[in-house]
Structure formats: structure tokens, C-alpha cells
Amino acid sequence: MKNIAILCSGGDVSGMNAALKRFVEYSIGKGLTPYFVNNGFEGLIDNNIYKAGYRDVAGIISRGGTKIRSSRSKRFMEQSYRKQALDNLKAHNIGYLVVLGGDGSFKGMQALSDESEGLSFAGIPATIDNDIAGTEYCLGVDTALNVIKYAIDSIRDTASSFSRAFVIEAMGRECGYLALVSALTSGAEMCLIPEIPYELNDYKSCFKKQIQEGREYFIAVVSEAMKNSEDVAQWFEEEIGIESRITVLGHMQRGGNPTVYDRLMAFDFVTQAIDGLLEGNKSSVICYNKSGFNHKDIEDVAFKKYEINAELLKLGMEFGCHI
Ligand code: F6P
């Protein structure tokens, strides 16, 4: 009988605990023995690996974060530590490994895969940044978007009461997806992301006209990649003549009770991962697109650049002034 392990790597997301629950239950159902690796790749190196059972996943489905913790491992970039990790997996007779994480984690998985014999990997894209090539959806994005939606809706209440411009900074690392979708679905007046060139002064005449016509407040959503929240807030004060405030949403975007969609997606991703491993896939990432789930080579995912869907980008280009 083969043993199967799971770990979380990189930034945690809401939905990881739902994935762990499914992992334990589905593995056992398939006649496998499930193992947890605590602390991501760090835990693989330190042999922080243990057998998991139903009790380990009881009551965790509604919690954000990850029960088995995560890490960004620098040591794992060194071959000697990867060898240690492989020895630990071998000692536990683990033949399958499921990794929840982003493209950095998949690169680590690829290195391990190249150096291992008889160990099969499946990657599950899990990052609020939604910046992994080959998949339109990464686990945790829906919850993060809902957390942001709630925050912006709340900020709108106070912005409208005080006639202010609010510059709201969303996470996403180098990718504007979170900021773009949040700006669109919150009815923001401005959205600045790295994928769309902008000129602040192009907004000037229409924002001033809108004020003359009765507009009392503005919501601007900017991606953290822009590093320009201060400049944008200052621009509102100096060029538009409206008092401004900045809200950096920060790590609250990574937490919270996972949405129904993320819980269901967690279940589906894990089912696909385990089925793929049992069917003989050696090293693949489970991707999700309009056509459904598909399994792609790590190479085609981890080493390619993610591009925001063209339709969404087109909507993003409608921000700004068209008068
Ligand atoms: O990758 C997820 C993410 O939350 C990014 O959006 C953000 O830039 C980064 O992680 C923050 O990293 P840390 O939690 O290490 O501060």
C-alpha cells in the first residue's frame, strides 16, 4: 500500500483546511494512508511528518489558514536539504506528495521531482494572488475577493459620509487580478494595476466634472505592485481638491472563513490530485479553466507567466475618463 502526504507552501489561503479534510477522507476511501507534513517544505526537511486521521480534520472546514502551517523555505533551494527531504519521505514509505501553493512551491516540487525516484507529485494552485499560469482559478481567491468586497463596501459608507477619496491597496504581489476584480465588483471609480498603463491626469477633467455634478466621494483600488498609494492620495488632494485617506488591506485578505465556492473547489482539486496520482501522473499541476479541470506538466505552469484573462482586462480598461 502506498502512503500519501500533503503539505502547504507559501502564503496560506482560506480553503486549505477544507482541502486537508478532503485529502484525509478521500485518501482513506481510496485505500491509501494519509500523512501531513507540518510547515511546508521546511517540515519535509525536518521530518515533521505524521500519519493523519479523521480526528485531525474534524471541525477545521470553516477555518481560514492551514492547520498544518506553511512556510517559504530558503533551505529547500539547496540540493542537500532536498536530499534530506527525500530521505524522510522514503523513511515513511511515502510514494505520493500533494503540494498546495504557488509557482515558487511548484518550482521546488519540480526540483524534487527531478531528483527523486518513484515519488509522484501533484500540485494544487493555492494563492490569493491568482497569478499561476495555466489556471484561471487558484484556491482561496474567492474568499479573498469576498473579504475585500466587504472591506470596500464598509469603506464606501464612511467615504460617502465625509466626502473623501479613499485609496485602497489590495495584495496580489506583481499581479493586478485581486485589485482589478475588486475594483470592478465594488463599483470603484479608479483601478490601478501593473497590467494596464495609466496616467493620473487623464482622470482629472472628468473627476472634476463629476464633483460639479454632485459626486461626493471616490474609491480608488490600487494593486500593491504599483507602490503608489501615497502618490495617488496626494493627487486626489492636490489635483482634485478632495480630502483623501489610504487603507492598506494587508493580511486580512489572506484570512477569514472560506466561502462555499472555495470549500467546493478545495474538494474538487484534491479529488483530481489523488485520482491523477493513482492513474500514474508523475508530476503535474491541477488547473481549472472554463472547460473544467485538467492536469498540466509542472514545467508548463511554474515557468510561465500568468496573464489576466483578456475579457477582464478589457473591462479594466474602461476605468478612467472617456469624455
Ligand atoms: O502571495 C500571497 C501574498 O499575500 C501576496 O499577495 C503578498 O505580496 C505576500 O503574500 C505577502 O507575504 P508575507 O505574508 O510573507 O508578508
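Roughly to the nearest percent, how much of the accessible area of the chain is carbon and sulfur, given a 1.4 Å probe?
C and S fraction of accessible area: 47 percent.
Return one whole number: the accessible area per residue of the chain in Å², for a 1.4 Å probe.
44 Å²
What is the packing order of peptides 6-13, 308-315, taking the mean over residues of other C-beta atoms within 10 Å and listing the highest first? Kindly include the intermediate steps, with their values, before the conclusion.
Working: 6-13: 27.5, 308-315: 13.1.
My ranking of the peptides, most packed first, is 6-13, 308-315.
How far is the Cα center of region 62-141 from the Cα center of region 211-281, in Å?
25 Å
Which of rounded, prolate or oblate describes region 1-128 when judged by the alpha-carbon gyration tensor and an a/c cut-off of 1.5? Walk me through the numbers on the way to the answer.
Details: a/c = 1.81, a/b = 1.21, b/c = 1.49.
In terms of gyration-tensor shape, oblate.
For region 259-310, which chymotrypsin sites (Phe, Trp or Tyr not before Pro) pass both filters: DSSP loop (anything but H, G, I, E, B) and at most 13 other C-beta atoms within 10 Å?
Phe303
Using +1 at the Cβ of each Lys and Arg and -1 at the Cβ of each Asp and Glu in the chain, identify which of Gly255, Leu20, Ser186 lies farthest towards the dipole's positive end.
Positive-most Cα among the choices belongs to Leu20.
Taking amide H atoms as placed 1.01 Å from N in the peptide plane, list the residues 5 or more away in sequence, or in a different chain, whose amide H sits under 5 Å from that of Ile168.
Hits under the 5 Å cutoff: Ala220, Val221, Val222, Thr247.
From the cross-link list Lys90/Lys304; Lys30/Lys296; Lys30/Lys67, which pairs have alpha carbons spaced over 28 Å apart?
Lys90/Lys304
List, in order, the whole-Hz ³J(HN,Hα) value for each residue of region 32-49 obtained from phi through the Karplus relation with A = 6.51, B = -1.76, C = 1.60 and θ = phi - 60°; use x for Gly and Pro.
9, 9, x, 10, 9, 10, 7, 6, x, 5, 4, x, 5, 5, 8, 6, 8, 10
Of the peptides 60-69, 97-106, how do they stack up when ordered by the mean number of other Cβ atoms within 10 Å, highest first?
Highest to lowest by the protection proxy: 97-106, 60-69.
So between Asp153 and Ser291, what do we pick up on full extension, going 0.36 nm a residue minus the alpha carbon distance?
Contour length minus Cα-Cα distance gives 46.4 nm.
Would you compute, from DSSP H runs of 4+ residues alone, the mean residue ellipticity of the chain at 222 nm, taking -39500 (n - 2.57) per run and dividing by the full residue count, rounded to the nearest 500?
Mean residue ellipticity at 222 nm (helix-derived): -12000 deg cm²/dmol.
Quick one: Karplus J couplings for region 227-238, per residue in order, coefficients 6.51, -1.76, 1.60, θ = phi - 60°, nearest Hz, x for Gly and Pro?
Taking θ as phi minus 60°, the curve returns 6, 10, 4, 4, 5, 5, 4, 5, 4, 4, 5, 7 Hz for region 227-238.
Can you run phi through the Karplus equation (6.51, -1.76, 1.60; θ = phi - 60°) for region 18-26 and list ³J(HN,Hα) in whole Hz, with x for Gly and Pro?
5, 5, 5, 4, 4, 4, 5, 5, 6
If pairing requires two Cys Cβ atoms under 4.7 Å apart, which cysteines of the chain are left without a partner?
When partners are defined as cysteine Cβ atoms under 4.7 Å apart, the chain leaves Cys8, Cys138, Cys175, Cys191, Cys287 without one.
The values are calculated or read from the model by the stated rules, or taken from the named source; none is laboratory data. What you are looking at is a predicted structure, and each value in this text was computed from that prediction instead of being measured. Counting neighbours? That spans all protein chains shown, and the Cβs are built from the backbone with ideal geometry, glycine included. In case anyone asks, the SASA skips ligands and DNA or RNA and just uses the protein heavy atoms, side chains included. Shrake-Rupley method; radii C 1.70, N 1.55, O 1.52, S 1.80 Å.
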